[in-house]
Amino acid sequence: SSFQSSPDCVITTSETGRFSAELLQQAIKSSLGLDVQVVNLSDKLPSQKVIVLGIPERDEKVREICQERSIDLPDQLGQEGYLLDVSENAVLVVAKDSPGLFYGVQTLIQLVESSESGELPGLRITDWPELRYRGLHIDISRGPVLRMAYLKKVIHTMARYKLNMLTLYTEHMFAFKKHPVIGPEGGALTAEEIRELVEYAKPYNVELVGNFQSLGHFRNILKHREYRDLAETDFRWVVSPAKEETYRLLEDLYAEIVPAYESEFFNVNCDETWGLGEGASKRKAKSVGVQGVYLEHLLKLREILKKYGRRMMFWGDIVLNHPEVIPQIPRDVIVLNWTYLGRESYLERIEPFRKAGLDFFVCPGVSCWSRIFPDYVNATQNIQNFIRDGYRSGALGVLNTCWDDDGENLFEYNWYGILWGAECAWRPEATDISKFDEKFASCYFGTNGTEVTEAVKLLGSCEQVIWPKCAPGIGTDALFWEDPFIEKSPTQIEGFWKKMEDIERRTNAAKELIDRGRSQIKYHQEDIDYLVFAAERMALLARKFLLAREILSEYREIVEPSCQTTGVAEKVESWGWQLASLRAQIEDLEDDYRRLWLAGRRLYWLEVNLAKYDQLIKTLESRARRLLNWAKNYREEGKLPSVEELKRL
């Protein structure tokens, strides 16, 4: 029978469960308006309705309750599993360890928040994760750096959905005291801030893993005069393993960044090492191969990390291209196996590491980078199937990645993909995207309506409309900045105009759905503004090109000597004002972007992105004024410049 929450209900627990109990207390208050007390677990339970949180092996009273209810905790629960039992007079959450108790309470909170009357259905849930590590990877080095308050929000939100590992991708965004020129002022995280996040994350059972790019992607350091001599080539992308000074620098940097974290793991990255073996290490590469140079570098990094008692992680793309070195990788090293293209199977990519006996993570992505909105058609398949195949092949965990390659992404777009990753990581072989979609809005936004989820799906399909199956392309971010009058993408992308019309339909439908659904939102209401922004930006992308097509097409007709069209000046003037209106909408969008950025991100890098808006605004204004002037001149002289003059930058 069901349990009816009431004002006289109490939560009882030991000190171990106090933090979880207080989270539950807050959820009951915010969802049901009930002020329930948290009391210490004692021999005598309160006579009224009670919610009991405990670990039977540590709490004798909880053990007695379990015996009365014939509850045995199966071995499969491990540290993170739990049992949740709801009956008429009591709710019981029990586990073998505190992480499991925490996760059981998160499930109970979801039940509370989905119940408008406070009635919880009678049930018994026995639940545990299939993967030990369920991680989230956030890029803080190619643009947006989340504010401390938002990073804390990320921690407690990801923990709510049972993710337990967080790493911040770091190329140069750390304030090194010995090398202060590296970390940009106003952007780089300090060691003190990292330690603050580490402590904040502990009660949420989230482990912060250290991260520092240690071979490729080194341009943000090598651009400084002090370090240019360490570059492998003049592209200054790779720090050279052929120079001893490289390791003295890495020793210095590791001495500051590694101890800031407490995790046993540390990610040295070492991916995308373009140019390795083509410069300072060329002679050595001729002797041992590029793969030999790479492996030797990894082994040196491993030795540095051993001084701090850390276990090394690294991205697996380079050794996958040189599989002969995989058996030479020490067994204490963890491979981060990444790929982001959706496909039916990933076993071929996983097998070399499994066969070598290496511990590995599978690392899909939410496909948010270089896009106006994440490509969730691709991402959902990538996340689901890569995690499933990783689990079947013995993966140690999953690291779901959020990258910021062009520095524009707003993190609030990513939660749908992050929660889908959490779902897949907990039960890799029991996931169903349609069932996830049914409960996403309820679990994240607190609404039973489907409108917001439908809007997310529509926006998340736009990228695939233009580039099906992730066909090579520039991405919608770059497409948004393109001058539509140069007719570049329309000639390069097959079926471009039908695709723009489809984008316009989808974004208009998404905006209508958001308008209908937003009044029902209980939680994360601020995220709706980001969905609206993405929809508006995607719509303006389509409108920009469609308007340019209309203007160019009709302009070509009226400049023909045989044209008998009347009202030419009025038509040209109308186009000028339409472009002026589009320019004003882009300017309004820029204001919204600034506001949304500053709500969760540091000021750093914002001006870089605003400059892109300013350039597009300038381009549209120039074209609008050109047409208005031409209309005026036509009235006086009866002549129009050529189409080429219209297309001219």
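Normalised Debye scattering of the stretch 253-396 at q = 0.10, 0.13, 0.21 Å⁻¹ gives log10 I(q)/I(0) of -0.40, -0.67, -1.26, counting only Cα atoms as equal scatterers and leaving out solvent.
Treating the beta-carbon of each Lys and Arg as +1 and of each Asp and Glu as -1, no other charges, what is the dipole magnitude of the chain about its Cα centre, to the nearest 20 debye?
Rounded to the nearest 20 debye, it is 1160 debye.
3J(HN,Hα) along the stretch 189-194: 7, 8, 4, 5, 5, 4 Hz, from the Karplus curve 6.51 cos²θ - 1.76 cosθ + 1.60 with θ = phi - 60°, whole Hz, x for Gly and Pro. Find which of Ile109, Leu197, Val50 sits farthest along the positive direction of the dipole of the chain, computed with +1 on the beta-carbon of Lys and Arg, -1 on that of Asp and Glu, about the Cα centre. The one lying farthest along the dipole's positive direction is Leu197.
R0 = 35 Å: FRET efficiency of Lys498 with Asp271, Cβ-based, nearest 0.05?
Working: r = 37 Å, r/R0 = 1.07.
After rounding to 0.05, the efficiency reads 0.40.
Of all beta bridges that DSSP places with both ends in the chain, some 25 percent have antiparallel geometry. The C-alpha atoms of the chain define a longest principal axis, and helix 148-160 lies at about 60 degrees to it.
Distance from the Cα centroid of the stretch 570-649 to that of the stretch 164-216 is 40 Å (rounded to whole angstrom). Tell me the angle of helix 433-445 to the major Cα principal axis of the chain, expressed in degrees between 0 and 90 and rounded to the nearest ten. On a 0 to 90 degree scale, this one is about 80.
Shown here is the pair-distance distribution of the stretch 27-156: with all Cα-Cα distances grouped in 10 Å bins from zero up to the longest one, the shares run 11, 36, 31, 16, 6, 1 percent.
Straightening the chain between Ser42 and Glu637 buys 204.6 nm, computed as 0.36 nm per residue apart minus the Cα-Cα spacing.
Test of understanding: ordering His224, His179, His217 by Cβ neighbours within 10 Å, fewest first, what list do you get?
His224, His179, His217
Counting Lys and Arg as +1 and Asp and Glu as -1, each charge on the Cβ, what is the dipole of the stretch 462-647 about the Cα centre in debye, to the nearest 20? Can you show the working numbers first?
On the way: 30 positive and 33 negative charges, 59 e Å.
Its charge dipole is roughly 280 debye.
With only Lys, Arg, Asp and Glu charged, each at its Cβ (+1 for the first two, -1 for the last two), find how big the charge dipole of the stretch 133-431 is about the Cα centre; round to the nearest 20 debye.
Roughly 440 debye for the stretch 133-431.
Remark on Leu136: its backbone amide H falls under 5 Å from those of Met165, Leu166, Thr167, Asn400, a criterion applied only to residues 5 or more positions apart or on other chains, H modelled at 1.01 Å from N.
For a quick check of your reading of the filter: which trypsin sites (Lys or Arg not before Pro) in the stretch 262-319 sit in a DSSP loop and have no more than 13 other Cβ atoms within 10 Å? Numbers along the way, then the final one.
Numbers: sites: Lys282, Arg283, Lys284, Lys286, Lys300, Arg302, Lys306, Lys307, Arg310, Arg311; in loops: Lys307, Arg310.
Answer in residue order: Lys307.
Converting phi to 3J(HN,Hα) with the Karplus coefficients 6.51, -1.76 and 1.60 and the offset θ = phi - 60°, the stretch 336-349 yields 9, 8, 10, 6, 10, 8, x, 7, 6, 9, 10, 4, 4, 6 Hz in sequence order, with x at every glycine or proline.
Residues Cys402, Cys462 in ascending order of nearby Cβ atoms (within 10 Å, fewest first): Cys402, Cys462. Rounded to 0.05, the FRET efficiency of the Glu644 and Lys300 pair, given R0 = 45 Å and the Cβ-Cβ distance, is 0.15. Within the stretch 3-127, antiparallel bridges make up roughly 50 percent of the DSSP beta bridges whose residues both belong there. Rounded, prolate or oblate: which fits the stretch 462-647, taking a ≥ b ≥ c as square roots of the Cα gyration tensor eigenvalues, rounded meaning a/c under 1.5, else prolate when a/b beats b/c? In terms of gyration-tensor shape, prolate. Over the chain, all Cα pairs binned in 10 Å intervals from 0 give whole-percent P(r) values of 3, 14, 21, 23, 18, 11, 6, 2, 1, 0, listed from short to long.
Quick check: from the Cα gyration tensor, does the stretch 133-431 come out rounded (a/c under 1.5), prolate or oblate?
Numbers: a/c = 1.60, a/b = 1.19, b/c = 1.34.
It is oblate, given that a/c is not under 1.5 and a/b is not larger than b/c.
Out of the stretch 165-213, which trypsin sites (Lys or Arg not before Pro) are coil in DSSP terms and have no more than 12 other C-beta atoms within 10 Å? The qualifying sites are Lys177, Lys178. In this calculation the C-beta distance from Glu262 to Ser1 is compared with R0 = 35 Å, giving a FRET efficiency of 0.15. Phi-derived couplings, Karplus 6.51 cos²θ - 1.76 cosθ + 1.60 at θ = phi - 60°, listed residue by residue for the stretch 489-497: 5, x, 8, 9, 9, 4, x, 4, 5 Hz, with x used for Gly and Pro. Remind me, relative contact order of the stretch 551-649 in percent, using alpha carbon pairs under 8 angstrom and six or more residues apart? Relative contact order comes out at 43 percent.
Annotation: amide H-H contacts under 5 Å for Leu189 (H modelled 1.01 Å from N, sequence separation of 5 or more, or interchain): Phe174, Ala175.
Think of the stretch 462-647 as a dipole: +1 on every Lys or Arg Cβ, -1 on every Asp or Glu Cβ, centred on the Cα centre; then among Leu640, Tyr593, Leu531, Leu531 lies furthest on the positive end.
Would you mind putting 323-331, 495-503 in packing order, based on average other-beta-carbon counts within 10 Å, highest first? List each step's numbers first, then the result.
On the way: 323-331: 14.0, 495-503: 16.4.
Result, highest mean first: 495-503, 323-331.
Calculate the length of the line joining the C-alpha centroid of the stretch 55-99 to that of the stretch 255-274, in whole Å. If you average the Cα positions of each part, the centres end up 38 Å apart.
What do you get for the angle between helix 376-392 and the principal long axis of the chain? Use alpha-carbon atoms, 0 to 90 degrees, nearest ten. Tilt of helix 376-392: around 40 degrees. Under 5 Å from the amide H of Gly342 lie the amide H atoms of Asn382, each residue being 5 or more positions distant or on a separate chain, with H modelled from the backbone and absent for Pro and chain starts.
Where a number appears in this text, it was derived from the coordinates with a stated rule and is not lab data. Only a predicted model underlies this, so the values are computations on that prediction, with no experimental measurement involved. Glycine gets a Cβ as well: all are built from the backbone with ideal geometry, and neighbour counts include every protein chain shown.
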